[in-house]
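Scroll down for the structure; my scribbles are underneath it.
We did not get these values from a lab; they are worked out from the coordinates using the rules stated. Being a predicted model, the structure only gives us computed values, none of them experimental.
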Amino acid sequence: MVNTKKMAKEIKPFIRDALGLEFDVTPTQAATEFGVTPKTIRQWLKDGLFPNAWQKSPRKTYIPMEDMDALKKDKRIRLAA
C-alpha cells in the first residue's frame with residue numbers, strides 16, 4: 001500500500017524548489033516573525049508546536065506556513081506584539 005502522506009512529504013521540497021515557491025520558513029525566519037529568538041523556535045520544534053516541520057538535512061529545518069498560522073491563533077502561546 002502506498003503511504004501518500006509520506007510520499008507528499010518526500011516530494012514537497014522538490015516541487016517547491018522546481019517552482020521557486022516559499023511555503024516554508026527557517027527557524028530564524030520564524031523567530032523574526034514571532035518576535036522571539038531562534039533558540040525559542042528550536043525549543044518549540046522539540047515541544048511539537050510545529051507538527052509538520054521537516055528537515056531537508058540534519059542542519060536544515062523548515063516550518064510550513066500553515067503551522068506558523070496555527071500557532072499565531074493558539075491562545076496558549078503569548079507572542080511579542
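Below is a table of values for the structure above.
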item: Extension reserve of the residue 75-residue 47 stretch, reckoned as 0.36 nm per residue once the Cα distance is removed; result: 8.4 nm
item: Segment residue 36-residue 59, length gained on full extension (0.36 nm per residue, minus Cα span); result: 6.3 nm
